[in-house]
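Single-structure report; data block below.
The numbers here are math on the coordinates, done by the rules we state, and not lab data. As the structure is a computational prediction, the values presented were derived from the model and not from experiment. Backbone-built Cβ (ideal geometry, glycine too); neighbour counts: all protein chains shown.
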């Protein structure tokens, strides 16, 4: 039996309470990430909703790799936060993948370099960059290792 997997999506609250906290604690830079309430109105919501888009009842981003690559791209390029967009994109994509029992087996610095590449890219190269991100994700995607909490 071929069952379609149900994608688990992340919410604004997930980004606020998980990705933001992880970005602040694990990716320290000289520039702090501003308070979540200072984000630009509705931009984060658009980025998160973008990966659910359909056309003619077909998903525009049908695979987890498709969804992850466009999420990563839009979180960086659409600039939902005053600062820290690349760091938040890194943590958000990891959170999204983890929620779907996947992980990227790649050093965080390499993933951050991908974020810098996206940030510096020309908008005209969007399709090429998103395809490259999809390839990068496919090459590094593994099953997430869930660890039971120790009492």
Two pseudo-spin positions, 7 Å from Cα along C-beta at residue 107 and at residue 46, lie apart in nanometres by 3.6 nm
Net length gained if the chain between residue 127 and residue 143 were fully extended (0.36 nm per residue, minus Cα distance):
3.1 nm
Per-residue Cβ contact counts at 10 Å, fewest first, order 78, 66 as 78, 66
For 75, 104, 95, what ranking results if the residue with the fewest other Cβ atoms within 10 Å of its Cβ goes first?
95, 104, 75
Please report, to one decimal in angstroms, the Kirkwood hydrodynamic radius of segment 36-103 built from all distinct Cα-Cα pairs.
12.4 Å
Relative contact order, percent, the chain [alpha-carbon distance under 8 Å, six or more residues apart]:
26 percent
